[in-house]
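Below is one structure, written out as structure tokens; the observations come after it.
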Amino acid sequence: MIDPPHPPPAPATPAASPTASAHPGSPSSTATQSTAADQSGGPDAAAVAEEEPTSTAEPTPSPTRAPTAPSPTRTPKPLTAEDAAPCSIGQIKGNVSSKIYHVPTGGSYARTKNKVECFDNESDAQAAGYRRARN
């Protein structure tokens, strides 16, 4: 038995152009709307996209250093009578020329030797018109 020949495929019809005058609800209008929806992803594609889980990468926190005690810029050495000269150990030295006073823990205390006035405390040095050294 011989199969009857299959009918030839129907010729492709061009899609309706957006400028075509189609009435809402007509078959050509519906075809145009569904074709445009299919090409743009359509409402079904948007629903599928919403359902897919998206991975959100959380920013990695930057490493923080553990708080440490502030380290001194220099190691203080014990005061000697030579460092304090011409004053007694623990007294404040005031430079007569510059009107700057140096405390025993200050950086320039041991170097201050000439033209020095000795004070027992900072209040006495300030009352005499001296200002504290910045180092």
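No lab work stands behind these numbers, since they all come straight from the coordinates. Here the structure is a predicted model, which means the values were calculated and not measured. For neighbour counting, all protein chains shown are included, and Cβ atoms are generated from backbone atoms with ideal geometry for every residue, glycine included.
Using the Karplus equation 6.51 cos²θ - 1.76 cosθ + 1.60 (θ = phi - 60°), what ³J(HN,Hα) coupling, rounded to whole Hz, does each residue of segment 78-85 give in order, writing x for Gly and Pro? With the stated coefficients, segment 78-85 comes to x, 6, 10, 5, 5, 5, 7, 4 Hz. The listed peptides 97-105, 113-121, ordered by packing as a protection proxy, come out as 97-105, 113-121 (highest mean of other Cβ atoms within 10 Å first).
In this label model, Lys115 and Ser98 are separated by 1.1 nm, measuring between points 7 Å along each Cα→Cβ vector. Computed extension length for Ala127-Ala81: 14.0 nm, one decimal, from 0.36 nm per residue of separation with the Cα-Cα distance subtracted. The alpha-carbon atoms of segment 81-132 define a convex hull whose volume equals 62 cubic angstrom per residue.
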